[in-house]
1. For every other residue with a beta carbon closer than 12 angstrom to the beta carbon of B:Glu6, add +1 if it is Lys or Arg and -1 if Asp or Glu, then tell me the sum.
2. 5 Å is the cut-off here: which amide hydrogens, built 1.01 Å from N in the peptide plane, fall below it relative to B:Leu184, excluding neighbours closer than 5 in sequence?
3. Please report the relative contact order for chain B, taking Cα pairs under 8 Å with a sequence separation of at least 6, and give it as a percent rounded to a whole number.
4. How high is the relative contact order of chain A, in percent, with contacts defined as C-alpha pairs under 8 Å that are six or more residues apart?
5. What is the gain in length, in nm to one decimal, between B:Asp145 and B:Ala236 on full extension, counting 0.36 nm per residue of separation less the C-alpha to C-alpha distance?
6. With the other protein chains left in place, how much accessible area per residue, in square angstrom, belongs to the protein assembly as shown at a 1.4 angstrom probe?
7. Between the alpha-carbon centers of segment B:33-59 and segment B:106-157, tell me the distance in whole angstrom.
8. Kindly identify segment B:165-268 as rounded, prolate or oblate by the Cα gyration tensor criterion: order the square roots of the eigenvalues as a ≥ b ≥ c, call it rounded if a/c is under 1.5, otherwise compare a/b with b/c, prolate if a/b is larger, else oblate.
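The values are calculated or read from the model by the stated rules, or taken from the named source; none is laboratory data. Keep in mind it's a predicted model, so treat the numbers as computed, not measured. Don't worry about glycine lacking a Cβ; one is built from the backbone with ideal geometry, like all the others, and counts go over all protein chains shown. For accessibility, only protein heavy atoms count, side chains too; no ligands or nucleic acids. Shrake-Rupley method; radii C 1.70, N 1.55, O 1.52, S 1.80 Å.
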Amino acid sequence: MARKPLQFHLNGSEKAVFVEDGQNLLDVLRRGVGDLTPKYGCGQGACGTCTVLIDGEPHLSCLTLAETVEGRQITTTAGLAQGADLHPLQKAFMDNFAAQCGYCTPGMLLAAKALLDRNPNPSREDVVEAISGNICRCTGYEPIIDAILEAAKSRGFRQFG
Amino acid sequence: MPVKVESFDSLDGAARALSAARSARFLGGGTLLMRAVNDGDQSFDTLVRAVDPASRQVRSEGDGVTIGAGVTMAEVVAHRDLSFLAPVARVVGGPAVRNMATVGGNLFASSPYGDFTAALLALGARLELVGQGGRGIEIDEFLRDRERYVGSIVRTISVPRPRDPGAFRFAKVSRIKPKGIALLTIAAYLPQSAGRIRGARVAYSSMGPRPLRATAVERALDGQYLDAATIEQAAAVACDGIEPHTDGLASAWYRREVAAVHLKRLLTGERR
Ligand SMILES: Cc1cc2nc3c(=O)[nH]c(=O)nc-3n(C[C@H](O)[C@H](O)[C@H](O)COP(=O)(O)OP(=O)(O)OC[C@H]3O[C@@H](n4cnc5c(N)ncnc54)[C@H](O)[C@@H]3O)c2cc1C
Ligand code: FES
Ligand code: FES
């Protein structure tokens with residue numbers, strides 16, 4: 001089977017890997033690069049836990065053909081904290097008990113980051129829309145929505161980027 | 001057997017590869033095709049893709065707008081010249097799906113998908129296929145025999161812009177808010193002259209295997225004032241000639257029962 005070279009930026013650092021024909025980006029991130037923060041839930045686009053940002057916009061990595069990200073910027077949850085400092089969204093998720101089993105959390109964080117990067121003052125409705133492709137089976141969503149709204153209000157968000 | 005991927009920098013190159021391959025599919029945003037790949041679908045062995053910026057362009061010309069088949073739902077929402085289609089694109093999937101799902105791929109989506117295509121059908125869009133010049137084909141003709149086009153590439157979709165924006169109406173009915181898939185979708189284009197409807201086009205999706213026209217409804221509306229009596233008559237024939245399907249969301253019986261209700265709400269302009 002054909003193996004193709006692929007280069008992209010992951011959380012700011014350059015990655016060069018070989019990918020197989022038909023391999024999806026989630027698989028490349030987890031098995032090829034060893035970033036285990038994007039999770040595999042369904043492989044069908046339905047759960048959103050594999051969400052990553054491609055050039056700042058949320059995409060489902062399980063449905064992204066890996067070779068289409070040549071030269072692009074990928075952000076995963078591993079790229080959120082700066083050293084020991086959690087990202088304001090991560091902090092707000094902790095403070096609001098927005099993670100229970102935690103399986104949806106990486107996708108939620110990135111869907112929320114994409115929203116706040118574009119709209120620093122979202123309404124509750126904007127938040128609900130932004131995470132509408134992400135399923136959480138534990139929290140009932142309210143703590144997640146509260147956390148995202150709180151992170152938007154926290155002054156640190158913009159410096160963190 | 002794992003799938004093979006072939007990449008081209010033009011749609012024409014991709015079209016040649018598709019016609020030479022035994023069982024290949026053209027890759028749009030991949031929201032349906034990559035699902036199939038992840039599932040181990042054996043009905044195709046090759047993905048053909050093109051990195052052709054032309055397929056992502058939107059051009060306004062005269063009374064219409066021509067959309068590259070590779071334009072995504074998020075791009076439709078954001079584009080100034082496509083504001084009449086933004087409410088349709090906005091209800092396709094969640095934000096990540098909209099960043100990936102293309103207009104071209106939606107043309108091939110089966111129930112419960114195809115919301116955007118229902119709108120294109122109501123507006124009377126035309127498709128241009130790669131390798132076939134001329135005026136292209138009407139979306140009605142395309143949908144009638146869609147399987148025939150599986151190995152071809154749609155280059156652009158040309159949509160007449162509604163002269164009166166209020167003449168185009170759209171409703172997606174789903175159970176899960178804000179994102180769920182459609183129980184049924186109705187798109188209606190009801191241009192009026194001297195107060196009477198002339199040339200009504202009403203389309204459903206998720207009322208059969210692919211988007212279709214509600215011709216009995218169109219006949220009930222044509223030539224009439226959009227008043228209570230006309231709306232009653234249109235609702236009474238909401239499912240004439242249509243055989244909705246049963247799926248995990250609803251039975252055929254249920255779809256038939258509620259289609260008239262939702263059609264009536266759409267025609268009266270009632271918000272839910
Ligand atoms: C979680 C989820 C939610 C969804 N919600 C909705 C929804 O609410 N409404 C809805 O309508 N759909 C929905 N979909 C289905 C799908 O995302 C859309 O229909 C989308 O528009 C398909 O486009 P694509 O570019 O991803 O298609 P692809 O997967 O790339 O392709 C699908 C088919 O179209 C063909 N194709 C693609 N582009 C072309 C072209 N230019 N010329 C010829 N053939 C082409 C492919 O060969 C393939 O057969 C959803 C999907 C997921 C995973
Ligand atoms: S694993 Fe990608 S959406 Fe579920
Ligand atoms: S915390 Fe368990 S799925 Fe969201």
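1. +1
2. B:Val173
3. Relative contact order, chain B: 15 percent.
4. Normalised by residue count, the contact order of chain A is 22 percent.
5. Values: separation 91, 0.36 × 91 = 32.76 nm, distance 2.87 nm.
Taking B:Asp145 through B:Ala236 to full extension adds about 29.9 nm, to one decimal.
6. Details: 19680 Å² over 433 residues.
Here the per-residue accessible area is 45 Å².
7. 16 Å
8. Judged from the Cα gyration tensor, segment B:165-268 comes out prolate (a/c at least 1.5, a/b above b/c).
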